[in-house]
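Read the structure below first, then the notes.
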Amino acid sequence: MFYIEVAKLLIQVNNRYDKIRQKCKDYLCEPYREPDLVIEADEQLIAYGLKLFWERGHIEATKGDAEASLAPHNIYGQLPLFGALWLHAVLLEMDGEGYMVTAPSGYGKTTQARLWLKAFPDRAHIINGDNPIVRKDGDGFVAYGTPFCGKEGYQVNTSVPLKGLCYLKHGETNAIQRMDSSLAFAQLLREYQHRFTPENQEKYMELLQQFVETVPIYVLTCNLDGQAPIVAYEGMKHGGN
């Protein structure tokens, strides 16, 4: 058993293998109050997770890998109860503000994030490469790094006020367009409704509505040239079209 703090939530992890502790090493802490969440996976669930790894061709995967992969899913479904949401996105920090790039797996989120690093050397940084958490804070939302960060391993245990989120769309030229909040709500709802539980469905919907009304959402049509991150940053920084 060990404790981590993620998005200001104290989480008790009842682990069976050491891999998950290694994965969470930058978030380890001593318990300073009762935990907000307690997570664990039994051997039956771990065996199922391992089977999924093997079916995808990862025959080198271990039970420790399976347990580590299950941990975020045990957390995400409970987040709305704490005013927080998980997003499948890359979180970048630029001049003290947060920007998210989201797309389906394999579509090019990480590639775009690396273009930001090239376009803005010494200014842009990747806080999380796959699974940041956003949490309501006053009139806005703050985005947090997590230890669950994708195969590239981009993660920093820090937080940043979230300025905007953009959906990637492949195209020949680079352009950014702000989405209507109702359209953004419908888009996010389709993607994340599988996170609902009977306990948090109402809270999830309420929080999602607050999110799209507070954080501007965009569609970034882009190619792979060096101008794409500049268009994305300038659009989200100044409110898009």
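Tell me the volume per residue, in Å³, of the convex hull enclosing the alpha carbons of region 146-223.
Working: hull volume 11.1 nm³, N = 78.
Expressed per residue, the convex hull around the Cα atoms of region 146-223 is 142 Å³.
What Kirkwood hydrodynamic radius do you get for the chain when you take the inverse of the mean 1/r over all pairs of distinct Cα atoms, in Å?
Working: mean 1/r = 0.0538 Å⁻¹.
In the chain this quantity evaluates to 18.6 Å.
Mind putting a number on the dipole of region 120-241 about its Cα centre? Charges go on the C-beta only, +1 for Lys and Arg and -1 for Asp and Glu, and I need it in Debye to the nearest 20. It would help to have the intermediate numbers written out before the result.
On the way: 11 positive and 14 negative charges, 14 e Å.
Around 60 debye, computed over region 120-241.
So what does log10 I(q)/I(0) come out to for region 101-144 at q = 0.17 Å⁻¹, using the Debye formula with one equal point on every Cα and no solvent?
At q = 0.17 Å⁻¹ the computed log10 ratios are -0.59.
Top mean-square fluctuation among LEU220, LEU87, LEU183, Gaussian network model of the chain, C-alpha springs under 10 Å?
Checking each option, the largest mean-square fluctuation is seen for LEU183.
In debye, nearest 20: dipole of region 58-134 around its Cα centre with unit charges on the Cβ of K, R (+) and D, E (-)?
Numbers: 5 positive and 8 negative charges, 36 e Å.
In total the dipole reaches around 180 debye.
Only Lys, Arg, Asp and Glu count, each charged at its Cβ (+1, +1, -1, -1), so figure out the dipole size of the chain about its Cα centre, rounded to 20 debye.
Numbers: 24 positive and 30 negative charges, 75 e Å.
The calculation lands at about 360 debye.
To check you understand DSSP bridge types, tell me what percent of the beta bridges within the chain (both residues inside) are antiparallel, rounded to 5. Walk me through the numbers on the way to the answer.
Values: 33 of 48 bridges.
About 70 percent, rounded to the nearest 5.
Under the classification rounded if a/c is under 1.5, otherwise prolate if a/b is larger than b/c and oblate if not, where does region 57-165 fall, given a ≥ b ≥ c as square roots of the Cα gyration tensor eigenvalues?
Working: a/c = 2.19, a/b = 1.20, b/c = 1.83.
Oblate.
Could you work out which residue, out of GLY77, GLY98, GLY106, moves most in a Gaussian network model of the chain, that is, has the largest mean-square fluctuation with Cα springs under 10 Å?
GLY106
If you roll a 1.4 Å probe over the chain with all protein chains in place, what percent of the accessible area is carbon or sulfur?
After summing per-atom areas, the C and S share lands at 50 percent.
Across all directions of projection, what mean area in square nanometres is found for the Cα convex hull of region 1-121? Present the calculation step by step, with values, prior to reporting the outcome.
Working: hull surface 37.8 nm².
Mean projected area of the Cα convex hull: 9.5 nm².
Just the number please: accessible area per residue for the chain, 1.4 Å probe, all protein chains included, in Å². Walk me through the intermediate numbers first.
Details: 11670 Å² over 241 residues.
That works out to 48 Å² per residue.
For the charge dipole of the chain, defined by +1 on Lys and Arg C-beta atoms and -1 on Asp and Glu C-beta atoms about the Cα centroid, which residue among ILE59, THR102, GLY239 has the Cα displaced farthest towards the positive pole?
Projecting each Cα onto the dipole axis, the largest value belongs to ILE59.
For the chain, what is the number of Lys pairs with C-alpha distance below 17 angstrom, counting only pairs 8 or more positions apart or on separate chains?
The result is 14.
What's the ranking of 110-121, 37-48, 60-71 by average number of surrounding C-beta atoms within 10 Å, highest first? Each step should come with its number before you reach the end.
Details: 110-121: 17.3, 37-48: 15.2, 60-71: 19.0.
Most protected by this proxy first, the peptides run 60-71, 110-121, 37-48.
The values are calculated or read from the model by the stated rules, or taken from the named source; none is laboratory data. A quick note: this is a predicted structure, and the numbers were derived from the prediction, not measured. Cβ sites come from the backbone with ideal geometry, for glycine too, and all protein chains shown count toward neighbours. Calculation scope for accessible area: heavy atoms of the full protein, side chains included, ligands and nucleic acids excluded. Shrake-Rupley method; radii C 1.70, N 1.55, O 1.52, S 1.80 Å.
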